[in-house]
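*Asks:* Questions regarding the structure given below will be posed in turn.
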Amino acid sequence: MNTEILGIIVMFTLAILLAIPLGKYIARVYGGEKTLLDPVFSPLENIFYKISGIKPQTEMSWKQHLIALLTINMVWFLLGMLILMTQGSLPLNPDKNPSMSADLAFNTVISFVVNCNLQHYSGESGLSYLGQYWLMFLQFVSAGTGMAAAVVVFRAFRDKSATSLGNFYTYFVKSCTRILLPISFVVAIILAFEGTPMTFEGKDTITTLQGDRIEVSRGPAAAFVPIKHVGTNGGGFFGVNSAHPFENPSYLSNMVEMIAQLLVPMAMIFAFGYFIRRRKLSWMIFGVMTVGFLMLAVPNINMEMNGNPAIAAMGVDNSLGAMEGKEIRLGAPASGFWSIVTTVISTGSVNSMHDSSMPLSGMNELLAMMINSFYGGVGVGILNFFVFIILAVFISGLMVGRTPEFLGKKVEAGEMKIAMIIALLHPFLILVGTALAAALPQYTTATLNNPGFHGLSEMLYEYTSSSANNGSGFEGLGDNTIWWNISTGFVLILSRFLPIIGPVAIAGLLAQKKFIPEGEGTLKTDTSTFGLMVLAVIAIVAALSFFPVLALGPIAEYFSLY
């Protein structure tokens, strides 16, 4: 077996094996049960509660959860705007990087607050170390926000009938202290030993093998990089993200960062099963997600390994695969695998340039974000999948002539309306955004690096990445303009908070309903048959929504190449 393929199998297998016990631990954390880390983090959490005045035992309704979530995110946004627009005059700026313009600061802060981390700047020249540290803070709290929202849904289905669903701030703090922080610390230690810098000194001057003297950016990258993966954020400390040898020095660091991306999204699926005491249901969800993931990942690995036929036709040795835009220390197979992992789970970090991917590889990267429910980001991934479960339950109920039910609660018109709005919001934001960009060439054409089919793919990718809270990009697009900063900023806001509000509202409404015990006619939702139904619903929604625009972009590019 090819050693590179073996490395991919090892990464994926290790992530699953680690995710199962982590899921059990997460369920115990949110369930208020004792864990080994209690003596370490309980005193720290009590300090937070005392300083902030949080009363962790106070129960909240689903509406109170959402008010708390939106309020705290607004505070972080305002603080972030203040810091980034004045960073040039603030401390921890040894390289004298300037303050951000208002439109770029707006886009950057929104992007990090919503866990997307779309970056229209280069970290070496665009941010001071203080700015980088604020964004690192946002990577922790945005991930914690998504996880806390997911726990509200967990509670709604564990309690047979309830109006109170725990305390948002308790879930949020525990997500950061007991889950994200310990895993990030372990990853940081490994990266530091592999060569990722951790310093507050400015640029260093080195002499190359050719004898040229150049300046090399440094900084506290070893603290920043782990949470970008563990929290499925994706924000790069350096401009080229994990293709940079300081962010991703070796194949070992590549494996660690890959597992770190997969770990918490997978673990949240198993945590759901442990928390509501329906482990078979969590395995059904995991199975559907994994089948969908492999249907995207396997073709990508194969296409990137086979290389570009146009280059092969020129007589160039293509045995290493499609290596344009890739790092030789990582190789084409690991880069192809990463490109699907990072788009499927909403991380958005890159270890190769997606703009250089083969046409149908680019299409799969787009599809991963368009579907946006295979693993997904921490917390919100399972919320996105929950919407498709509700749709599948409703359709299945109509097919057998029964009132749709999920986990003992009737799914009625109110829940279905919310689910449909959320399911249609994602393609609406992507397609309308791309259409406006194409219809207004005076604002967009000059920023495209490629004409024709690939240029359309670049614009489509930008709005897809924004709507999926991903953050990766087809970097042939010059995106630091007022048009791209403002338009994607509003897509970021709508695509983050409405898909959180919708599932939480559905769960809150279902939680208040009378619990109906399972009977002979109850639709089993933890079976492979129902799993296939959910997968079919996802495929139909994605195909109907996105096939036409994919045909105009990456599919047309594929036929022009071959």
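Taken together, the values in this text are just the output of simple stated rules run on the coordinates, not laboratory data. Source: prediction; values computed, not measured. Glycine also receives a Cβ, built like all others from the backbone with ideal geometry; neighbour counts cover every protein chain displayed.
*Asks:* Mind telling me which of the residues 498, 509 ends up being out of contact with any Leu (no Cβ under 9 Å at 6 or more places or on another chain), closer than 30 Å to residue 149 by Cα and surrounded by fewer than 18 Cβ atoms within 10 Å (Cβ to Cβ)? I'd like the intermediate steps shown before the answer.
*Replies:* Working: 498 fails: out of contact with any Leu (no Cβ under 9 Å at 6 or more places or on another chain).
That would be 509, the only listed residue that is out of contact with any Leu (no Cβ under 9 Å at 6 or more places or on another chain), closer than 30 Å to residue 149 by Cα and surrounded by fewer than 18 Cβ atoms within 10 Å (Cβ to Cβ).
*Asks:* Are any of the residues in the range 348-358 part of a loop (DSSP other than H, G, I, E, B), at positive phi, buried (at least 21 other Cβ atoms within 10 Å of the Cβ) and not aromatic (Phe, Trp, Tyr)? Talk me through it step by step, then tell me what you get.
*Replies:* Looking only at the range 348-358, we keep the residues that are part of a loop (DSSP other than H, G, I, E, B), and these are 348-351, 353, 357-358.
Going one step further and asking which of them are at positive phi, we end up with 348.
Among the residues that remain, those that are also buried (at least 21 other Cβ atoms within 10 Å of the Cβ) are: 348.
Filter again for not aromatic (Phe, Trp, Tyr), leaving 348.
There is at least one residue in the range 348-358 that is part of a loop (DSSP other than H, G, I, E, B), at positive phi, buried (at least 21 other Cβ atoms within 10 Å of the Cβ) and not aromatic (Phe, Trp, Tyr).
*Asks:* Considering each of 485, 450, 469 in turn, give the residue that is crowded, with 16+ Cβ neighbours inside 10 Å, of a type in the set (S, T, N, Q) and not in a helix (DSSP H, G or I). Step through it out loud before you land on a result.
*Replies:* Values: 485 fails: not in a helix (DSSP H, G or I); 450 fails: crowded, with 16+ Cβ neighbours inside 10 Å.
Going through 485, 450, 469 in turn, the sole match is 469.
*Asks:* Search the range 80-100 for residues that are touching a residue at least 60 places away in the same chain (Cβ under 8 Å) and pair each with any residue that is assigned to a loop (DSSP other than H, G, I, E, B) when their beta-carbon atoms are under 6 Å apart and the residues are at least 6 apart or on different chains.
*Replies:* Qualifying pairs under 6 Å: 92/128; 94/202; 95/202; 95/203.
*Asks:* Give 284, 295, 305, 314 a once-over and let me know the one that is over 25 Å from residue 122 (Cβ atoms), hydrophobic (A, V, I, L, M, F, W, C) and assigned to a loop (DSSP other than H, G, I, E, B).
*Replies:* Values: 284 fails: assigned to a loop (DSSP other than H, G, I, E, B); 295 fails: assigned to a loop (DSSP other than H, G, I, E, B); 305 fails: assigned to a loop (DSSP other than H, G, I, E, B).
314 is the lone residue from the list that is over 25 Å from residue 122 (Cβ atoms), hydrophobic (A, V, I, L, M, F, W, C) and assigned to a loop (DSSP other than H, G, I, E, B).
*Asks:* On the basis of being buried (at least 18 other Cβ atoms within 10 Å of the Cβ), in a helix (DSSP H, G or I), out of contact with any Asp or Glu (no Cβ under 9 Å at 6 or more places or on another chain) and in contact (Cβ under 8 Å) with a residue 12 or more places away in the chain, does residue 60 make the cut?
*Replies:* On the way: buried (at least 18 other Cβ atoms within 10 Å of the Cβ): yes; in a helix (DSSP H, G or I): no; out of contact with any Asp or Glu (no Cβ under 9 Å at 6 or more places or on another chain): yes; in contact (Cβ under 8 Å) with a residue 12 or more places away in the chain: yes.
No: the conditions fail for residue 60.
*Asks:* Let me ask something else. Out of 403, 445, 434, I need the residue that is within 15 Å of residue 491 (Cβ to Cβ) and not aliphatic (A, V, I, L, M). Which one? If you could, list the steps in order and put the result at the bottom.
*Replies:* Details: 403 fails: within 15 Å of residue 491 (Cβ to Cβ); 445 fails: within 15 Å of residue 491 (Cβ to Cβ).
Going through 403, 445, 434 in turn, just one is within 15 Å of residue 491 (Cβ to Cβ) and not aliphatic (A, V, I, L, M): 434.
*Asks:* Hey, can you tell me all the residues within the range 121-135 that are in a loop (DSSP other than H, G, I, E, B) and under 15 Å from residue 85 (Cα atoms)? Steps first, please.
*Replies:* Start the filter on the range 121-135 by keeping residues that are in a loop (DSSP other than H, G, I, E, B), which leaves 121-122, 127-128.
Correct list: 121, 127, 128.
*Asks:* Picking from 419, 435, which residue would you name as being loosely packed, with under 15 Cβ neighbours inside 10 Å and either in a helix (DSSP H, G or I) or touching a strand residue (DSSP E or B) at 6+ places or on another chain (Cβ under 6 Å) (or both)? Break it down stepwise before answering.
*Replies:* Details: 419 fails: loosely packed, with under 15 Cβ neighbours inside 10 Å.
None of the others qualify; the one that does is 435.
*Asks:* With the structure loaded, tell me whether residue 554 is under 30 Å from residue 118 (Cα atoms) and touching a residue at least 60 places away in the same chain (Cβ under 8 Å) or whether it fails that test.
*Replies:* On the way: under 30 Å from residue 118 (Cα atoms): yes; touching a residue at least 60 places away in the same chain (Cβ under 8 Å): yes.
The answer is yes for residue 554.
*Asks:* Then there is this: Quick check on this structure: which one of 12, 106 is in contact with a helix residue (DSSP H, G or I) (Cβ under 7 Å, 6 or more places away or on another chain) and under 28 Å from residue 229 (Cβ atoms)?
*Replies:* Just a single option satisfies the conditions, and that option is 106.
*Asks:* What are the residues in the range 47-57 that are outside any loop (DSSP other than H, G, I, E, B) and surrounded by 12 or more Cβ atoms within 10 Å (Cβ to Cβ), if any? Break it down into steps so the answer makes sense when it comes.
*Replies:* Start the filter on the range 47-57 by keeping residues that are outside any loop (DSSP other than H, G, I, E, B), which leaves 47-52.
The answer is 48, 49.
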